[in-house]
1. What is the packing order of peptides 143-149, 162-168, taking the mean over residues of other C-beta atoms within 10 Å and listing the highest first?
2. Can you give me the pair-distance distribution of segment 381-492, C-alpha pairs, 5 Å bins, whole percents?
3. Using the scaling law 2.2 N^0.38 Å as the reference, what is the normalised Cα Rg of segment 253-296?
4. Write out the trypsin sites (Lys or Arg not before Pro) in segment 407-475 meeting two conditions: DSSP loop, and at most 10 other Cβ atoms within 10 Å of their Cβ.
5. Using the Cβ atoms and a cut-off under 13 Å, what net charge is assigned to the surroundings of Thr347, where Lys and Arg are +1 and Asp and Glu are -1?
6. If you roll a 1.4 Å probe over the heavy atoms of the protein chains, what accessible area per residue do you get for the chain, in Å²?
7. I want the local charge near Asn239. Using Cβ-Cβ distances under 10 Å, sum +1 for each Lys or Arg and -1 for each Asp or Glu among the other residues.
8. Taking Rh as the Kirkwood radius, which is the inverse of the mean 1/r over Cα pairs, what is the Rg/Rh value for segment 305-399?
Amino acid sequence: MRLGVSPATIRNWLKTGYLCSGRLGGITLDSIKHFEKEVAGKEKLNQRANKSLKDCHDHDSIASTFIRRAKLKNDPASSLGDEYQSSLSDSFRNKEGVYYTPYSVVCKLLTKPECDFDHATFCDPCCGSGNFIIRALELGFKPENIYGYDTDPVAIEITKARIREFCGYESSNILEADFLQIASKDNISKFNFIYTNPPWGKKLPKDEKEHLGNQLRAGSSIDTSSLFFFACLECLHDNGTLGLLLPEAFFNISTFESARLKSLSFSITRLIDFGKPFKGLVTKAQAIVLSKKTATQNDKVICESSGNSIVRPAASFSCNPKSILNLHCDNESADTIEYLFSIPHVTLTGQASWGLGIVTGNNDKFIRASKLDGYIPVFKGADISKSELKPPSNYIPADLSLYQQVAPRHIYEAKEKLIYKFISSRLCFFYDTNQRYVLNSANILIPNDNFPVSTKLLGELLSSDFMNWIFACIFNTAKILKGDIETLPIYPQFLGEVTEFCELSYLNNLNIEKKTNGTYRVKK
């Protein structure tokens, strides 16, 4: 395709008027030429599409240069990895999931184990420039017992050069290969220790991910970081140790639930929050270290975050909805959450209708700051508080067919609904009876008619300090996701016939008290 984007993106550009359909169902050449000259790279489109049109990264040329330099032995091998990564375009790194792990993170994650260093085997399945492998050498692993894999030939040559520079050993165990393919075959090699930072969200065809997921028994968790988790387990000896640096989503998002369930079947020893260690990447990183042996009720997990460390019973994570690994939650809070879920309760799962805010496809084109003929007011997440909406300051054409994504009209025009912020660290729901429309920074919740709590009261409950505390203890996220809201415990038996929510009364009925620091606990 001349424009270098997916058919779905082309359909969106046709829908929003950037391109024009021809009489036979194609796209007119004039509209393509106009788009390339006047729109691409100038207007704010889909970020991926603009990158595809602007990226001129010549990876083959860059790769051959660095491979030659690594083999010549003229450059300090320790600096080649940083130099190589800095040469990669954002588009290439995003496509391949290439973000090399800072050495300070490697050292904190990979600490000296108790083992027979003369015989213990170590593997980094995504070795990159070799930081984990160099750390393993520093800790005492023998170079002949260290293995590394990567699909990037430059990374392989740099890692070999660094091993040679560190200890003079010419390794034949650092191989250009796809570890996912290796792990999905029979008669695989097994290792005592596997530590790595796998590709996060690497772009693979859907059918390939599904095939690998089936081969590795990964369930619904088929992001590349999750696939590597299952692949590493396949290649790990019984009682072996696995340490992975992973995106925060692995620990708290629904799509990774299968991977979390698998991890909880083993003995998790450490969970670590590294914040945002990658320059230019907003995604937070967390790590898991586990031993491949069956979990027991006595297992303890060290949870490290912001310089603090607490020890949690491993069983406390199993009580969480979707087996979320909420490492920031202290023991008293975890006990309280476990208690709350033990009380009879209802949830919104299967008991509500949901609606996404309008995605215009081009806000500059459609949104106006004042009302024009044929325009309707729309509200953003920033306009929402639990008690009021700001006066409208955005207006769009009333024709919903113009937009990239809309909910069914009856969702917006419901007699009663809850409008809530989507990008937020706090739950904030507004009770709407005026059939308002919202943009995609806000979403809509409509409980079923037979739900045992009224829409107004539900909004007050969900916006309460208590429910916000529960949400933060479990999810610790800045996105308010439908799947997370659906798991929150609601106790209609303690709301009675009241028309306004009273947190103190609700807490008394639950035998919960609020502490002076804003947290909650079971009454002593």
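The values are calculated or read from the model by the stated rules, or taken from the named source; none is laboratory data. Everything numeric here is computed off the predicted structure, so don't read it as measured data. Neighbour counts run over all protein chains shown; Cβ positions are idealised from the backbone, glycine included. Quick note on the areas: whole protein, heavy atoms, side chains included, nothing else; ligands and nucleic acids left out. Shrake-Rupley method; radii C 1.70, N 1.55, O 1.52, S 1.80 Å.
1. Details: 143-149: 21.0, 162-168: 16.6.
Peptide ranking by packing, descending: 143-149, 162-168.
2. 2, 11, 22, 25, 20, 12, 6, 2, 0
3. Ratio of Cα Rg to 2.2 N^0.38 Å: 1.38.
4. On the way: sites: Arg409, Lys415, Lys417, Lys421, Arg426, Arg436, Lys456; in loops: Lys415, Arg426, Arg436.
Hits after loop and neighbour filter: Lys415.
5. Details: positive: Lys322, Lys482; negative: Asp484, Glu486.
Local net charge: 0.
6. Details: 24630 Å² over 524 residues.
With the other protein chains kept in place, the chain gives 47 Å² per residue.
7. On the way: positive: Lys292, Lys293; negative: Asp238.
Charge balance in the 10 Å sphere: +1.
8. On the way: Rg = 21.9 Å, Rh = 18.1 Å.
A ratio of 1.21.
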